[in-house]
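Computed from the coordinates by the stated procedures, all read-outs in this text should not be read as laboratory data. These numbers were taken from a predicted model, which means no experiment stands behind them. Because the Cβ atoms are built from the backbone with ideal geometry, glycine has one as well, and the counts that use them run over all protein chains shown.
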Ligand SMILES: Nc1nc2c(ncn2[C@@H]2O[C@H](COP(=O)(O)OP(=O)(O)O)[C@@H](O)[C@H]2O)c(=O)[nH]1
Ligand SMILES: [Mg+2]
């Protein structure tokens, strides 16, 4: 029987969650550059082995979807907080983390400092200082980052659930 391990992506709209899901889960070679806000949710699946699949679920970023976040978080083994790497976006992300602190407690939580290709981006270490959780830089529109992104998720999950090597 296939086991599904759920990973929830949270973060403000426009952070790059849908792009990250496409980067990690599809066969797409061309990553869409025109922004389409996610209505409700986006999701994709990574097949880890013949018994385990990872489902990446995006929690819709717009405020009117926030009411669904607690449910998404409860059922997830891991939460990936995606943020743009501008100081303003990072501070907003910090507020989100504070707001949902209680629901995140005891879960594997990492942050992705996305859009590192944009000039003036904060370095992942600086983002980590502000957010207080392990933070990794990312360029979700760059197909070359696919393996690295995949590893971040799989290694993060390894601590939480017993996955086959
Ligand atoms: N320059 C740059 N743009 C990105 C990157 N990741 C995503 N984007 C763009 O940012 C916009 C919002 O991305 P999307 O994945 O829809 O954000 P979401 O609202 O968090 O799901 C889109 O136009 C993406 O192409 C990145 O690493 N670098
Ligand atoms: Mg989206």
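The distance between label points at residue 2 and residue 107 comes to 2.3 nm (points 7 Å beyond Cα on the Cα→Cβ vector).
Quote the relative contact order of the chain in percent (integer), defining contacts as alpha-carbon pairs under 8 Å separated by 6+ residues.
Working: 291 pairs, mean separation 41.1, N = 165.
RCO, the chain: 25 percent.
Please arrange 131, 152 by how many other C-beta atoms lie within 10 Å of their C-beta, fewest to most. Walk me through the numbers before you get to the answer.
On the way: 131 21, 152 18.
With the fewest neighbours first, 131, 152 line up as 152, 131.
GNM remark for the chain: springs join alpha carbons under 10 Å apart, and the peak mean-square fluctuation among 63, 140, 15 falls on 63.
DSSP bridge analysis restricted to the stretch 3-158 gives an antiparallel fraction near 30%, rounded to the nearest 5.
Rank 135, 52, 25 by mean-square fluctuation in a GNM of the chain with C-alpha springs under 10 angstrom and give only the top-ranked residue. Checking each option, the largest mean-square fluctuation is seen for 52.
Can you sort 144, 53 by how many other beta carbons sit within 10 Å, fewest first?
Values: 144 8, 53 15.
Sorted ascending by nearby Cβ count, the order is 144, 53.
Counting only the Cα atoms, the stretch 46-127 fills a convex hull of 125 Å³ per residue.
The distance between label points at residue 118 and residue 53 comes to 3.3 nm (points 7 Å beyond Cα on the Cα→Cβ vector).
For the chain, build the convex hull from the C-alpha positions and give me its volume per residue in Å³.
So the per-residue hull volume is 115 Å³.
Fewest Cβ neighbours within 10 Å first, please rank 23, 104 accordingly. Don't skip to the end; give the middle numbers.
Details: 23 23, 104 18.
Placing the least packed residue first, the sequence is 104, 23.
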